[in-house]
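Nothing in this text is a laboratory measurement; each read-out follows from the coordinates by a stated rule. The structure presented is a predicted model; accordingly, all values stated were derived computationally and were not measured. Note that we place each Cβ from the backbone using ideal geometry, even for glycine, and neighbour counts take in every protein chain shown.
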Ligand SMILES: NC(=O)c1ccc[n+]([C@@H]2O[C@H](COP(=O)([O-])OP(=O)(O)OC[C@H]3O[C@@H](n4cnc5c(N)ncnc54)[C@H](OP(=O)(O)O)[C@@H]3O)[C@@H](O)[C@H]2O)c1
């Protein structure tokens, strides 16, 4: 007998990196229902466990997995372990990332390396590992989180902008490879979102005028649930007071 619509076997398996805080936690909560099992990944297991608790309190099902996305073998083991446990991955939200405000002159090789290893290599290896398992099933969705600096450049953000331009370029190529196999790939690119990251890197922004993590989560959920007849490759979300282009 095929799995019934709301049986544990019919649940969509949604993996979210950086789900212990900010935007990732908000996205995770958007999938807190009986149709999804949410795997919350991040380096800080306790932070992911707090998101799991919030999802369970909202009636959903989730689990926490500690994983540092800078470590490719840890990423591959984590994805393989999820497949062993649940059989497949339906959705990957590659959200984890870091930012530091530094001028070009002040950006050391080690800071550049950390930002690129996390935002570019980490995003790449998470997507590659999940994509490899989605290919034979010919279904799935991968959403990356870029930024307004995927298509703009701001002072003090050169390393971060380089990494987020790379995330967009990577997502576009992955989309072209994945589409013939029925796998959806898209990038969400927000401006300033009210999280700890932006409070630290853009203290000049007024918290009341910022994008909320839930706004980004709405866009991600919208992309994941699109009907198969249409594709939306990217969504830019900007603060109302930011310039349109
Ligand atoms: N806030 C904004 O204005 C804004 C705007 C555009 C795009 N974004 C992007 O949105 C994403 C989420 O950012 P946020 O604002 O929600 O900031 P945040 O609260 O600092 O979240 C970043 C998350 O990434 C995880 N992470 C960082 N390095 C990791 C690693 N090596 N391995 C695994 N997980 C790692 C962190 O968890 P652990 O520390 O536990 O690992 C944390 O939960 C990032 O990609 C960011 O670049 C943010």
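Observations on the model:
- With R₀ fixed at 30 Å, the C-beta to C-beta distance from residue 83 to residue 113 puts the FRET efficiency at about 0.50.
- Taking the C-alpha atoms of the chain, convex hull volume expressed per residue in Å³: 126 Å³
- Computed [θ] at 222 nm, helices only, for the chain once each DSSP H run of length n ≥ 4 contributes -39500 (n - 2.57): -12000 deg cm²/dmol
- Distance between the 7 Å Cα→Cβ label points at residue 209 and residue 154: 1.3 nm.
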